[in-house]
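The values are calculated or read from the model by the stated rules, or taken from the named source; none is laboratory data. Here the structure is a predicted model, which is why all the values come from computation and not from measurement. Methodologically, a virtual Cβ is constructed for each residue, glycine included, from the backbone with ideal geometry; neighbour enumeration extends over all protein chains shown.
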(Lines give C-alpha, C1' and ligand atoms only; values in the text may rest on other atoms or scores of the structure.)
Protein backbone atom coordinates (compact mmCIF):
# COMPACT_ATOMS: atom_id res chain seq x y z
CA UNK A 1 0.00 0.00 0.00
CA UNK A 2 1.34 3.44 -0.94
CA UNK A 3 -0.03 6.97 -0.88
CA UNK A 4 -1.13 6.80 -4.54
CA UNK A 5 -3.22 3.72 -3.78
CA UNK A 6 -4.93 5.57 -0.95
CA UNK A 7 -5.69 8.51 -3.24
CA UNK A 8 -7.24 6.16 -5.81
CA UNK A 9 -9.41 4.47 -3.17
CA UNK A 10 -10.92 7.74 -2.04
CA UNK A 11 -11.10 9.69 -5.29
CA UNK A 12 -14.72 10.30 -6.27
CA UNK A 13 -15.92 7.83 -3.63
CA UNK A 14 -19.63 7.97 -2.81
CA UNK A 15 -19.94 8.35 0.94
CA UNK A 16 -22.47 6.46 3.05
CA UNK A 17 -23.14 6.00 6.76
CA UNK A 18 -20.64 3.70 8.41
CA UNK A 19 -22.10 0.52 9.83
CA UNK A 20 -25.23 -1.49 9.11
CA UNK A 21 -28.29 0.61 8.42
CA UNK A 22 -31.64 0.09 6.76
CA UNK A 23 -32.21 2.69 4.06
CA UNK A 24 -35.82 3.71 3.43
CA UNK A 25 -37.49 6.31 1.28
CA UNK A 26 -40.91 7.92 1.53
CA UNK A 27 -42.96 10.36 -0.50
CA UNK A 28 -44.77 13.37 0.94
CA UNK A 29 -47.74 13.43 -1.48
CA UNK A 30 -49.22 16.85 -2.22
CA UNK A 31 -52.69 16.74 -3.79
CA UNK A 32 -55.18 19.45 -4.59
CA UNK A 33 -58.65 19.22 -3.03
CA UNK A 34 -61.29 21.94 -3.29
CA UNK A 35 -58.69 24.25 -4.86
CA UNK A 36 -56.42 23.91 -1.83
CA UNK A 37 -53.18 21.99 -1.35
CA UNK A 38 -53.38 19.00 0.98
CA UNK A 39 -50.89 16.46 2.26
CA UNK A 40 -52.00 12.87 1.75
CA UNK A 41 -51.46 10.30 4.51
CA UNK A 42 -51.97 6.57 4.73
CA UNK A 43 -53.18 4.46 7.62
CA UNK A 44 -51.30 1.19 7.45
CA UNK A 45 -53.24 -2.03 7.14
CA UNK A 46 -53.98 -3.74 10.43
CA UNK A 47 -52.82 -7.00 8.80
CA UNK A 48 -49.22 -5.84 8.53
CA UNK A 49 -46.60 -7.15 10.94
CA UNK A 50 -44.81 -3.81 11.24
CA UNK A 51 -46.64 -0.81 12.72
CA UNK A 52 -50.17 -1.94 11.83
CA UNK A 53 -52.78 0.82 11.93
CA UNK A 54 -50.25 3.66 12.15
CA UNK A 55 -50.34 6.85 10.09
CA UNK A 56 -47.52 7.12 7.59
CA UNK A 57 -46.42 8.25 4.15
CA UNK A 58 -46.07 5.90 1.17
CA UNK A 59 -42.63 4.36 1.28
CA UNK A 60 -40.44 1.52 2.39
CA UNK A 61 -37.08 -0.16 2.16
CA UNK A 62 -34.79 0.81 -0.69
CA UNK A 63 -33.93 -2.17 -2.87
CA UNK A 64 -30.35 -2.81 -3.96
CA UNK A 65 -30.97 -1.75 -7.54
CA UNK A 66 -32.77 1.49 -6.61
CA UNK A 67 -31.94 5.06 -5.78
CA UNK A 68 -33.88 6.58 -2.86
CA UNK A 69 -35.98 8.59 -5.32
CA UNK A 70 -36.82 5.53 -7.41
CA UNK A 71 -37.82 3.67 -4.26
CA UNK A 72 -40.15 6.44 -3.08
CA UNK A 73 -41.92 6.50 -6.46
CA UNK A 74 -42.19 2.70 -6.71
CA UNK A 75 -43.58 2.36 -3.18
CA UNK A 76 -46.10 5.16 -3.77
CA UNK A 77 -47.32 3.56 -6.99
CA UNK A 78 -47.66 0.17 -5.28
CA UNK A 79 -49.44 1.45 -2.19
CA UNK A 80 -51.78 3.97 -3.79
CA UNK A 81 -52.30 1.99 -7.02
CA UNK A 82 -51.43 4.99 -9.15
CA UNK A 83 -49.18 5.31 -12.18
CA UNK A 84 -45.71 6.82 -12.21
CA UNK A 85 -47.11 9.51 -14.52
CA UNK A 86 -49.38 10.65 -11.65
CA UNK A 87 -46.35 11.73 -9.62
CA UNK A 88 -44.37 14.90 -10.28
CA UNK A 89 -41.34 15.14 -8.01
CA UNK A 90 -40.87 18.57 -6.44
CA UNK A 91 -37.75 18.01 -4.38
CA UNK A 92 -36.28 16.43 -1.27
CA UNK A 93 -36.34 17.35 2.40
CA UNK A 94 -33.54 16.59 4.87
CA UNK A 95 -32.96 12.90 5.48
CA UNK A 96 -33.46 11.46 8.95
CA UNK A 97 -31.06 9.36 11.01
CA UNK A 98 -32.68 7.39 13.81
CA UNK A 99 -31.07 5.76 16.87
CA UNK A 100 -32.30 2.38 15.64
CA UNK A 101 -30.13 2.12 12.50
CA UNK A 102 -32.76 3.45 10.11
CA UNK A 103 -32.10 6.17 7.54
CA UNK A 104 -35.10 7.75 5.82
CA UNK A 105 -34.97 9.80 2.63
CA UNK A 106 -38.18 11.84 2.19
CA UNK A 107 -39.19 13.33 -1.17
CA UNK A 108 -42.01 15.71 -2.01
CA UNK A 109 -44.26 14.82 -4.95
CA UNK A 110 -47.36 16.32 -6.49
CA UNK A 111 -50.14 13.81 -7.20
CA UNK A 112 -51.54 14.81 -10.59
CA UNK A 113 -54.32 13.85 -13.00
CA UNK A 114 -56.26 11.84 -10.44
CA UNK A 115 -58.82 12.95 -7.86
CA UNK A 116 -58.40 11.91 -4.25
CA UNK A 117 -61.74 10.10 -4.27
CA UNK A 118 -60.62 8.05 -7.29
CA UNK A 119 -57.47 6.68 -5.65
CA UNK A 120 -58.05 2.93 -5.34
CA UNK A 121 -55.30 2.18 -2.83
CA UNK A 122 -53.78 -1.25 -2.21
CA UNK A 123 -55.87 -2.68 0.65
CA UNK A 124 -53.22 -5.32 1.41
CA UNK A 125 -50.92 -2.57 2.66
CA UNK A 126 -53.21 0.39 3.31
CA UNK A 127 -56.29 0.49 5.53
CA UNK A 128 -57.39 3.98 4.46
CA UNK A 129 -56.11 7.34 3.26
CA UNK A 130 -56.91 10.90 4.27
CA UNK A 131 -55.60 14.40 3.67
CA UNK A 132 -54.78 17.41 5.80
CA UNK A 133 -54.68 20.94 4.36
CA UNK A 134 -51.10 22.12 4.00
CA UNK A 135 -52.14 25.42 5.57
CA UNK A 136 -52.96 23.59 8.81
CA UNK A 137 -49.33 22.60 9.23
CA UNK A 138 -48.11 26.05 8.22
CA UNK A 139 -50.30 27.57 10.95
CA UNK A 140 -49.82 24.98 13.71
CA UNK A 141 -46.58 23.84 15.32
CA UNK A 142 -46.35 20.26 16.60
CA UNK A 143 -46.10 19.30 20.24
CA UNK A 144 -42.63 17.95 20.94
CA UNK A 145 -41.63 15.50 23.66
CA UNK A 146 -38.19 14.09 24.29
CA UNK A 147 -37.01 10.65 25.26
CA UNK A 148 -33.54 9.59 26.29
CA UNK A 149 -31.71 6.88 24.44
CA UNK A 150 -29.04 4.95 26.27
CA UNK A 151 -26.93 1.86 25.74
CA UNK A 152 -27.99 -1.56 26.92
CA UNK A 153 -24.68 -3.30 27.49
CA UNK A 154 -24.44 -7.08 27.39
CA UNK A 155 -22.67 -9.01 30.10
CA UNK A 156 -19.87 -10.21 27.83
CA UNK A 157 -18.72 -6.64 27.12
CA UNK A 158 -14.97 -6.32 28.00
CA UNK A 159 -15.22 -3.62 30.65
CA UNK A 160 -11.69 -4.47 31.79
CA UNK A 161 -10.34 -3.02 28.54
CA UNK A 162 -11.75 0.49 28.97
CA UNK A 163 -11.10 3.34 31.36
CA UNK A 164 -13.13 3.15 34.58
CA UNK A 165 -14.51 -0.26 33.60
CA UNK A 166 -18.18 -0.64 34.50
CA UNK A 167 -18.22 2.97 35.66
CA UNK A 168 -17.33 4.36 32.23
CA UNK A 169 -19.50 7.37 31.44
CA UNK A 170 -21.22 6.27 28.22
CA UNK A 171 -23.03 9.05 26.42
CA UNK A 172 -26.81 9.10 26.13
CA UNK A 173 -28.85 10.80 23.43
CA UNK A 174 -32.07 12.80 23.34
CA UNK A 175 -34.63 11.89 20.69
CA UNK A 176 -37.56 14.18 19.77
CA UNK A 177 -41.07 12.76 19.29
CA UNK A 178 -43.44 15.08 17.39
CA UNK A 179 -47.26 15.14 17.53
CA UNK A 180 -49.83 16.85 15.32
CA UNK A 181 -53.54 16.46 16.04
CA UNK A 182 -56.00 17.09 13.22
CA UNK A 183 -59.65 16.20 13.74
CA UNK A 184 -59.61 12.56 14.91
CA UNK A 185 -56.13 11.86 13.56
CA UNK A 186 -52.92 11.85 15.58
CA UNK A 187 -49.90 12.18 13.32
CA UNK A 188 -46.80 11.45 15.33
CA UNK A 189 -43.32 9.99 15.39
CA UNK A 190 -41.17 9.89 12.27
CA UNK A 191 -44.08 10.90 10.02
CA UNK A 192 -44.69 14.04 12.09
CA UNK A 193 -40.95 14.73 12.15
CA UNK A 194 -40.85 14.59 8.35
CA UNK A 195 -43.84 16.96 8.14
CA UNK A 196 -42.21 19.35 10.58
CA UNK A 197 -38.98 19.45 8.58
CA UNK A 198 -40.93 19.99 5.35
CA UNK A 199 -42.90 22.86 6.88
CA UNK A 200 -39.79 24.45 8.38
CA UNK A 201 -38.21 24.49 4.91
CA UNK A 202 -41.33 26.08 3.45
CA UNK A 203 -41.48 28.73 6.15
CA UNK A 204 -37.85 29.69 5.61
CA UNK A 205 -38.55 30.37 1.95
CA UNK A 206 -41.81 32.28 2.32
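Of note:
Conditions tested, residue by residue: (1) buried (at least 16 other Cβ atoms within 10 Å of the Cβ); (2) more than 20 Å from the chain's Cα centre (by Cα); (3) at pLDDT 95 or above.
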{"residue": "77", "(1), (2), (3)": "yes, no, yes"}
{"residue": "101", "(1), (2), (3)": "no, no, no"}
{"residue": "119", "(1), (2), (3)": "yes, yes, yes"}
{"residue": "143", "(1), (2), (3)": "no, no, yes"}
{"residue": "152", "(1), (2), (3)": "no, yes, no"}
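- Among the residues of segment 165-188, those that are farther than 16 Å from residue 146 by Cβ and under 22 Å from the mean Cα position of the chain (by Cα) comprise 180, 181, 182, 185, 186, 187.
- Answer from 55, 30, 73 - the residue that is in contact with a helix residue (DSSP H, G or I) (Cβ under 8 Å, 6 or more places away or on another chain), over 26 Å from residue 182 (Cα atoms) and buried (at least 18 other Cβ atoms within 10 Å of the Cβ): 73
- The criterion of being on the phi > 0 side of the Ramachandran plot and loosely packed, with under 14 Cβ neighbours inside 10 Å holds for residue 164.
- Residue 18 satisfies every condition listed in (1) in a loop (DSSP other than H, G, I, E, B); (2) farther than 21 Å from residue 180 by Cβ; (3) touching a residue at least 40 places away in the same chain (Cβ under 8 Å) except (3).
- The residues in segment 174-192 that are surrounded by 13 or more Cβ atoms within 10 Å (Cβ to Cβ) and in a loop (DSSP other than H, G, I, E, B) can be counted, and the count is 0.
- Residues in segment 5-17 include at least one that is touching a strand residue (DSSP E or B) at 6+ places or on another chain (Cβ under 8 Å) and either under 18 Å from residue 104 (Cα atoms) or surrounded by 14 or more Cβ atoms within 10 Å (Cβ to Cβ) (or both).
- Enumeration of residues in segment 39-65 that are without any contact (Cβ under 8 Å) to a residue 40 or more places away in the chain and in a loop (DSSP other than H, G, I, E, B): 49, 50, 51, 52, 58, 63, 64, 65
- Selection status of residue 195, under 14 Å from the mean Cα position of the chain (by Cα), modelled with pLDDT of 95 or more, in a helix (DSSP H, G or I) and under 30 Å from residue 39 (Cα atoms): yes
- Some residue of segment 160-173 being closer than 21 Å to residue 24 by Cβ and either modelled with pLDDT of 95 or more or touching a strand residue (DSSP E or B) at 6+ places or on another chain (Cβ under 9 Å) (or both): yes
- Tabulated pairs, segment 180-202, first within 12 Å of residue 57 (Cα to Cα), second part of a helix (DSSP H, G or I) and modelled with pLDDT of 95 or more, C-beta under 9 angstrom, 6+ apart or interchain: 187/195; 195/137
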